[in-house]
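I have placed the structure first, in the form of structure tokens, so that the comments after it can refer back to it.
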Amino acid sequence: MNRSVDPKKVNSELFTLTYGALVVQLLNDLESVEDVNKHLDRMGYNIGVRLVEDFIARSSADKCYDLRETADKLQAAFRMYLGISPSIANWAPAGDEFSLMIDTNPLTEFVELPDTCSNMRYSAILPGMVRGACEMVHLEVSFSVK
Amino acid sequence: MNRSVDPKKVNSELFTLTYGALVVQLLNDLESVEDVNKHLDRMGYNIGVRLVEDFIARSSADKCYDLRETADKLQAAFRMYLGISPSIANWAPAGDEFSLMIDTNPLTEFVELPDTCSNMRYSAILPGMVRGACEMVHLEVSSWFVQDQLRGDPVTELRVKFIKRLEDSVPPGED
């Protein structure tokens, strides 16, 4: 299947609302905000594991030889899948850590966290996706959101 | 805010996988497939209630005076939000019922229903959205799948039936 043709897209607002429905569902089901965070991370992991295959097929991506190449590919993936262009910044001196700076997050458009959910990592699906995708290409990573 | 510029888009596969995660979550939580169907329909209703406002802003849509105009607008909305172009077909003789014929459903790409879920309406969020969106513009409709490719039918057919016009005050959404 030729996947390099224009990938099919859906409207970002529909995606935002669907993701919101998912988060609300988890909040209703689980006991604590921390459980929701973990659940979103795991869902993201499962999505990332599948999505990376699509990414490799569409971008004919080569193996990455260092973390800088990985950072570039992640940046390209955010553009391809979420329609946003995060910048890469804040490299650690050892070159083993970097940040993706996201100006506009489609998941959180029009979202406000109530005080009862102040420790919710609403977009926890994203670091989960990064982790799952990287693991499928034999790279173990960890993350934090600042 | 000028909404007529190119709307932001996300990749369809990411949406498919996220929707799949939602359905799996519901299957884990709820007791029966029928409960999942109802839940998806209600979620769709709540999404439709919000999404129609965006649709009206983007398309500068006028009031619809008959169901045929409504059908055209729904067709345009599927194109705008899901990137697909269903055809309108199977009008009832009374003109109060029609179908949207969907060849490719982004929600169900790569999805197979196991035998234990054979009565699942996997895409139940879609008729819910149609119902919620129409209710916000004072149109009560019922909407359901007549055919579903996920269940082996050749096409996915979403039926929409006009029930009645509503008064001006409409509930903001179901809980």
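The values are calculated or read from the model by the stated rules, or taken from the named source; none is laboratory data. Small disclaimer: the values here were computed from a predicted structure and weren't measured. We place every Cβ from the backbone using ideal geometry, glycine too, and count neighbours over all the protein chains shown.
Could you figure out which of (1) loosely packed, with under 14 Cβ neighbours inside 10 Å; (2) free of Cβ contacts under 8 Å to residues at least 24 places away in the same chain; (3) part of a loop (DSSP other than H, G, I, E, B) isn't true of B:Ile84?
Among (1) loosely packed, with under 14 Cβ neighbours inside 10 Å; (2) free of Cβ contacts under 8 Å to residues at least 24 places away in the same chain; (3) part of a loop (DSSP other than H, G, I, E, B), B:Ile84 violates only (1).
Give just the number: which of (1) surrounded by 20 or more Cβ atoms within 10 Å (Cβ to Cβ); (2) among the small types (Gly, Ala, Ser); (3) assigned to a loop (DSSP other than H, G, I, E, B) does B:Gly95 not satisfy?
Tallying (1) surrounded by 20 or more Cβ atoms within 10 Å (Cβ to Cβ); (2) among the small types (Gly, Ala, Ser); (3) assigned to a loop (DSSP other than H, G, I, E, B), B:Gly95 fails exactly one: (1).
I'm checking my understanding of the structure. Among residues of region A:27-37 that are in a helix (DSSP H, G or I) and without any contact (Cβ under 8 Å) to a residue 60 or more places away in the chain, which one is surrounded by the fewest Cβ atoms within 10 Å (Cβ to Cβ)?
Taking the candidates together, the pick is A:Asn28.
Give me the residue from region B:112-125 that is touching a helix residue (DSSP H, G or I) at 6+ places or on another chain (Cβ under 6 Å) and within 15 Å of B:Asp153 (Cβ to Cβ) and, out of that set, nearest to the other protein chains (Cβ to nearest Cβ).
Selected residue: B:Ser123.
May I ask you to list pairs of residues, at least six apart or on different chains, whose Cβ atoms are under 9 Å apart, with the first in region A:47-65 being in a helix (DSSP H, G or I) and the second being of a type in the set (Val, Ile, Thr) and surrounded by fewer than 19 Cβ atoms within 10 Å (Cβ to Cβ)?
Once the first residue is in a helix (DSSP H, G or I) and sits in region A:47-65, its partners that are of a type in the set (Val, Ile, Thr) and surrounded by fewer than 19 Cβ atoms within 10 Å (Cβ to Cβ) give A:Val52/A:Val137; A:Ile56/A:Val137.
One residue is enough: does region A:100-112 have a residue meeting the conditions assigned to a loop (DSSP other than H, G, I, E, B) and farther than 28 Å from A:Leu26 by Cβ?
Looking through region A:100-112, none of the residues is assigned to a loop (DSSP other than H, G, I, E, B) and farther than 28 Å from A:Leu26 by Cβ.
In region A:45-67, what residues are away from chain B (no Cβ under 14 Å) and surrounded by 13 or more Cβ atoms within 10 Å (Cβ to Cβ)?
If the condition is that a residue be away from chain B (no Cβ under 14 Å) and surrounded by 13 or more Cβ atoms within 10 Å (Cβ to Cβ), then A:Ala61, A:Cys64, A:Leu67 are the ones that fit.
Checking A:Trp91 against (1) within 12 Å of chain B (Cβ to nearest Cβ); (2) at negative phi; (3) aromatic (Phe, Trp, Tyr); (4) more than 17 Å from the chain's Cα centre (by Cα), only one condition comes out false. Which one?
(1)
Name the single residue that is modelled with the highest pLDDT among those in region A:26-39 being within 9 Å of another protein chain (Cβ to nearest Cβ) and out of contact with any His (no Cβ under 8 Å at 6 or more places or on another chain).
Per the stated criteria, the residue is A:His39.
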